[in-house]
Amino acid sequence: QVKLVESGGGLVQSGGSLRLSCAASGLLFSSYTMGWFRQAPGKEREFVSSISRTGSRTDSTDSVKGRFTISRTNAKSTVYLQMNSLKPEDTAIYYCAAGRSLSFDLKTSPPEFWGQGTQVTVSS
């Protein structure tokens, strides 16, 4: 079956960096758009960033542009999220996602598969 396993979360001070990884198995990785979502306590899950099947196109929510970078290595079936200049408001559980649509929208074109999530906590 399809598995998405996130790693790299943790506790970091404001202004610090973390790199999340998501290893996929059970699917033809290069055929899937990959993305990251996050959910903070008491809030709805929100889109963070996505990357096209070849990695030629990326998309990110405005609040992380210039700070977060998504990338992928199809040979390793892995997608990454490099997070720099972290802020306390970035604190959330971060979820890896995969889908065959060209882009993600939780209401109209949600991902097909989800990871279990990894906690990111940014202290002030």
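The values are calculated or read from the model by the stated rules, or taken from the named source; none is laboratory data. In this text the structure is predicted, and so the values were computed from the model without any measurement. We place every Cβ from the backbone using ideal geometry, glycine too, and count neighbours over all the protein chains shown. The accessibility values were calculated without ligands, DNA or RNA, using every heavy atom of the protein model including side chains. Shrake-Rupley method; radii C 1.70, N 1.55, O 1.52, S 1.80 Å.
Summary table below
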quantity	calculated
Residue 53 being of a type outside the set (Asp, Glu), in contact with a helix residue (DSSP H, G or I) (Cβ under 7 Å, 6 or more places away or on another chain), open to solvent by 50 Å² or more (accessible area, probe 1.4 Å) and not in a helix (DSSP H, G or I)	yes
Residue 48, sole failed condition from (1) closer than 15 Å to residue 122 by Cβ; (2) open to solvent by 20 Å² or more (accessible area, probe 1.4 Å)	(2)
Scope the stretch 99-124; condition within 24 Å of residue 17 (Cα to Cα) and surrounded by 14 or more Cβ atoms within 10 Å (Cβ to Cβ); matching residues	114, 115, 117, 118, 120, 121, 122
Meets criteria (open to solvent by 50 Å² or more (accessible area, probe 1.4 Å), within 11 Å of the chain's Cα centre (by Cα) and modelled with pLDDT of 95 or more) for residue 93	yes
Top-ranked residue of the stretch 102-115 - restricted to ones that are part of a loop (DSSP other than H, G, I, E, B) and within 12 Å of the chain's Cα centre (by Cα), ranked as farthest from residue 35 (Cα to Cα)	115
Selected residue [open to solvent by less than 20 Å² (accessible area, probe 1.4 Å), of a type outside the set (A, V, I, L, M) and without any contact (Cβ under 8 Å) to a residue 60 or more places away in the chain] from 68, 37	68
Test: residue in the stretch 27-45 that is hydroxyl-bearing (Ser, Thr, Tyr), in a strand (DSSP E or B) and within 16 Å of residue 113 (Cα to Cα)	yes
Residue match in the stretch 75-90 (condition: open to solvent by 30 Å² or more (accessible area, probe 1.4 Å), in a strand (DSSP E or B), at pLDDT 95 or above and more than 23 Å from residue 16 (Cβ to Cβ))	no
